[in-house]
Amino acid sequence: MNSKKTLLILAGGLGSRYKGLKQVDGILDNGSPILEYSIYDALNAGFGKIVIIVNRLIPHSYIERLNTISEIKKFELHWVYQKMESFLPQNSDCSQRQKPWGTGHAVLCAKNTVQEPFVMINADDFYGKEAYQLAAKEIDLHISESQFGMAAYPVKSTLSGNGNVARGICTMDAEGFLIKIEEQTSIREEGNLILYTENGTDIKIASNALVSMNFFIFHPSVFDALELYFNGFIQSGPEPLLEFYIPSAVQRMIDEKKAKVLVKPSPSQWMGVTYAEDKTNIKNFLKSEMEKNRYPEDLWN
């Protein structure tokens, strides 16, 4: 059994569609953003170390808030800044870059802070307590240099009524190991159908098709592969808006037979905030969870 488990939270995005820093935007009157619900669930599932990847816009007042909570609740907390120059190959010039390098680079920035198996999540996604319980068991039983894991969700439960969403559609083999993640950026519901558009053609997706919501369960060996791939990405001279994504890196590891990824359907309800208008849905959802006594009104009191 692996006694030390880490939760790595990606909170460095700029939230352009949300029009604000949604990573630290409080949802209810208790002031807790979604990432604190993730921390709460992970701690209760046996995780003891929290690492948060942030950008330079993170308010110092929020850092102080969470530092105080970690001292009171006695969990290990680390802040890691996703700096443009971090892990860049020598003689690389990033002076013209306007946005972060992407989720793959964000995870790589934690290389010197994380030496144990870890779960990687998005700060603005609510994954549900059962997902962390599932991940804790996977870490204890299966996670190794050659096997990672993922909690995936039915696509229908991940849609927004306020616009298209981007999701990684998963294809697995008979044993549940990931074969391919196909990123689609135009997924939406039209009537009784779930569709995405590719090359001008609308394609239907089954409502129970599993999609990646960036809930990966990694062994720390992933960092060496990420660094290698990121170096190649930079040396290829990417366009100014092109990003280095974690699903693409995972896909390459699968293709190169460096690791297998066991996909587990999550037993939890996923909720997220892509657009500002989505906030009402997550607020009502969390209120209903409190009414079921699944969360206290104040997470930390």
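Show me, for region 118-126, the HN-Hα J-couplings you get by feeding each phi into the Karplus relation (A = 6.51, B = -1.76, C = 1.60, θ = phi - 60°), rounded to Hz, glycine and proline as x.
8, 9, 10, 9, 8, 5, 9, 10, 9
With a Cα-only, solvent-free Debye model of region 145-301, what are the log10 I(q)/I(0) values at q = 0.10, 0.12, 0.13, 0.16 Å⁻¹?
-0.46, -0.66, -0.76, -1.06
So what's the projected area for region 6-291, the Cα convex hull averaged over all directions, in nm²?
In nm², the orientation-averaged hull projection of region 6-291 is 15.6.
So, by mean Cβ neighbours within 10 angstrom, what's the order for 187-194, 160-167, 147-154 with the highest one leading?
Result, highest mean first: 147-154, 160-167, 187-194.
Tell me what the chain gives for mean residue ellipticity at 222 nm when only DSSP H runs of n ≥ 4 count, each as -39,500 (n - 2.57), the sum divided by the residue total, rounded to 500 deg cm²/dmol.
Numbers: 7 runs with 81 residues, N = 301.
It lands at -8500 deg cm²/dmol.
In terms of modelled amide H atoms, which long-range or inter-chain residues lie less than 5 Å from the amide H of A152?
Correct list: K264, S266.
Give the separation of the Cα centroids, region 91-167 to region 259-292, in Å.
Taking the Cα centre of each part, region 91-167 and region 259-292 sit 15 Å apart.
Just rank M253, M271, M172, fewest to most, by other beta-carbon atoms within 10 angstrom.
Going from least to most buried by this count: M172, M253, M271.
Net charge around E85, counting only other residues with Cβ within less than 11 Å of its Cβ (Lys, Arg = +1; Asp, Glu = -1)?
So the environment of E85 carries a net charge of +1.
Highest first, please rank the peptides 62-70, 33-41 by the mean number of other Cβ atoms sitting within 10 Å of their residues. Don't jump to the answer; show the numbers that get you there.
On the way: 62-70: 15.1, 33-41: 23.4.
So the peptides 62-70, 33-41, ranked by packing, come out 33-41, 62-70.
Taking the Cβ of S221 as the centre, find all other residues whose Cβ is under 10 Å away and add up their charges (Lys, Arg: +1; Asp, Glu: -1).
Values: positive: K258; negative: E145, D224.
Summing Lys/Arg as +1 and Asp/Glu as -1 gives -1.
Which ordering of L88, L159 is given by a fewest-first count of other beta-carbon atoms within 10 Å?
L88, L159
Using mean Cβ contacts within 10 Å as the protection proxy, how do 100-111, 223-234 order, highest first?
Order by mean packing, descending: 100-111, 223-234.
Would you mind counting up the charge near R188? Only other residues with Cβ under 11 Å from its Cβ, with Lys and Arg at +1 and Asp and Glu at -1.
-2
Given K111/K156; K204/K264; K99/K287, which pairs have Cα atoms separated by over 25 Å?
Pairs exceeding the cut-off: K111/K156; K99/K287.
Within 10 Å of each residue's Cβ, count the other Cβ atoms and sort I254, I72 from fewest upward. Write down the numbers at each step before the final one.
Values: I254 18, I72 10.
Exposure proxy ranking, most exposed first: I72, I254.
List, in order, the whole-Hz ³J(HN,Hα) value for each residue of region 217-230 obtained from phi through the Karplus relation with A = 6.51, B = -1.76, C = 1.60 and θ = phi - 60°; use x for Gly and Pro.
10, 10, 8, x, 4, 4, 5, 5, 5, 4, 5, 4, 5, 5
Taking Cα pairs under 8 Å and at least six residues apart, what relative contact order does the chain come out at, in percent?
25 percent
Throughout, read-outs are computed from the coordinates displayed, never taken from laboratory work. Fair warning: this is a prediction, and the values are worked out from it, not measured in the lab. Glycine gets a Cβ as well: all are built from the backbone with ideal geometry, and neighbour counts include every protein chain shown.
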